[in-house]
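The values are calculated or read from the model by the stated rules, or taken from the named source; none is laboratory data. The model shown is predicted, which means the values in this text are computed figures rather than measured ones. Cβ coordinates were reconstructed from backbone atoms using ideal geometry, including for glycine residues, and neighbour counts include every protein chain displayed. Calculation scope for accessible area: heavy atoms of the full protein, side chains included, ligands and nucleic acids excluded. Shrake-Rupley method; radii C 1.70, N 1.55, O 1.52, S 1.80 Å.
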Amino acid sequence: MAAQRRNLMQSHQSWTDDLPLCQMCGVGTAPNCVYSSDGKGTQSHTNEDGHLRFRGEDGCFLYGVFNGYDGSRVASFASQCLTAELLLGQLNSSHTDNDVRRILTQAFDVVEKSYFETIDDALAEKAHLSNYLLPHNENVSFHQLSSQGQKVQERLKELEQEVSGGATAVVALILNNKLYIANVGTNRALLCKSSIDGQNQVLQIGRPHSTDNEDELQRLAALGVDSARVRQAGQIAGQSSTRRLGDYRVKFNYNEIDLLSAAKTSPIIAEPEIHGSQSLDSVTGFLLLMSEGLINALESAHGPEQANQEIVAMVAAELAQQTSLETAAQSVVDRVKRLHHDVYVSGRQRATYCSRHEDMTLLIRTLNYALADGALTPTQGGRIYPVSVPYSNSQSTSKTSVTLSLVMPSQSTLTNGTNTASTLEEGTPTPGSQSPTATLQSTNTQTQSSSSSSGDGSLFRQRGSQAAQPDETGRVPPYVDFSQFYLLWGSDHSDGQSTQGGLGPQ
């Protein structure tokens, strides 16, 4: 069986090629990037993330996002093997919640053991060569010894590349219209429920298995690990996760790692933490699965406090504009990538956290949530979502605070060109809800005036029910009045050039 798995990995075939993809989800990705001092980015390694999105039988759906590191082998293997362990007849509608949790746990255990079976031979050869001592043969010349030792070192390097690496995983299973989340590591799952009045309630399902997770630190302490040192270090063998798939170093050689050397047994585990079931009956909204790279990029740029609300706001805004889930997911990832880059080149306070980002993956699964007509125009009322605005890369000491918000129509009914749903006040979350309130600010210091919209949609010019007619130049008047923004931008960049020669309508 191990030989079959090895051959499958080498041939790039998939165990799950014949399974149908789920059409109710979209995936967006972006490769890692390191910025130079001039803001240009380069990719430092191939994309190591993975994902799955399959529709099984008996109303069963399986989704997953895998964050690989030190190579993509583990993420790729896990996405294929986990699917084979869950969607080839193992699950059916008669299973209870306990049955499903047991099957999920067993599947992760099989993935872990199966992966190590595929690298057994390489690990054995690596151990043999690592313990290999050059022969003490007086008849062998020094040159021959040096040549032999060099070949051993080169082979050890090849083997290390073959066996190193691991992955974290967040997996969502929908069975009998009930949601189960299985998490190993530092990816994230968010469930967004939309109410009748268009507000979004955001629920983060589970906590990341990281070095600042109190439950994980207690688990490590019970095994003899100094949890205070782990918390202070922030990483174990180069990663912040305390649960991982693969990574033979922390599974087999943990006693050689200083932080883990006192452990009674293997402290870094692949056992998933399972949440659910949660009924999806009458739920309208969407499920998000995000890789650690996407989360870290957004938190590096804007801080961790509102990251969940902000990503949900971006997704909702894109779903209100795009006609394809794939396009919506990719647009959100591209937007996070731009935000991260913009903060870095701006030189603002958080720029030091944004010199690089890892691979990013976002999976959106809608739940009775219809995509809005892409031609639908903003009207008075509705939800508020952030708008990206240009930033200044100049070193000017006079900077201006500009806050813009975009009011998007909610999912509720439009009546006579206006939205009947209530509007969230800017900066005031709804009680009992974690709904986002909208605003992306360019960091600025001296001028206190700003251009912003309130919940009544005043940023948008009022229009009748008829479509706007083009003027004599063939242009249609804009929906958003940016005149105040252009005025502030011009005053900030008045270096002898007129505003009309730069930003703004000509």
Amide H contacts under 5 Å for Asp49, placed H, 5+ residues apart: Gly68
Per residue value of the accessible surface for segment 46-119 (all protein chains in place, 1.4 Å probe), Å²: 37 Å²
Relative packing of 36-43, 265-272, 78-85, 344-351, which averages over residues the other C-beta atoms within 10 Å, highest first: 78-85, 265-272, 344-351, 36-43
Accessible surface of segment 92-241 [probe 1.4 Å, protein heavy atoms]: carbon and sulfur percent: 49 percent
In nm, spacing of pseudo-spin labels at Asn98 and Asn368 (7 Å Cα→C-beta vector): 3.0 nm
For Gly56, residues with placed amide H under 5 Å, excluding near neighbours: Phe61, Leu62
Added length on full extension, which subtracts the Cα-Cα distance from 0.36 nm per residue, Glu256 to Asp197: 15.6 nm
Peptide ranges 21-30, 237-246, 116-125, 149-158 listed from the most packed, as the mean C-beta count within 10 angstrom indicates: 237-246, 21-30, 116-125, 149-158
Percent carbon-and-sulfur accessible area, segment 251-315, ignoring ligands, DNA and RNA, probe 1.4 Å: 41 percent
Cα-based reach from Lys151 at 30 Å (exclusive), listing lysines while leaving out same-chain residues under 8 positions away: Lys126, Lys251
Stretchable slack from Ala127 to Asp58, in nm (0.36 nm times residue separation minus alpha-carbon distance): 20.2 nm
Approximate spin-label separation Ser266-Gln150, in nm, with each point projected 7 Å along Cα-to-Cβ: 3.8 nm
Rounded accessible area per residue of segment 188-317, 1.4 Å, Å²: 39 Å²
Label point 7 Å beyond Cα of Ser44 along Cβ direction - residues of segment 345-374 with amide nitrogen under 12 Å: 354-359
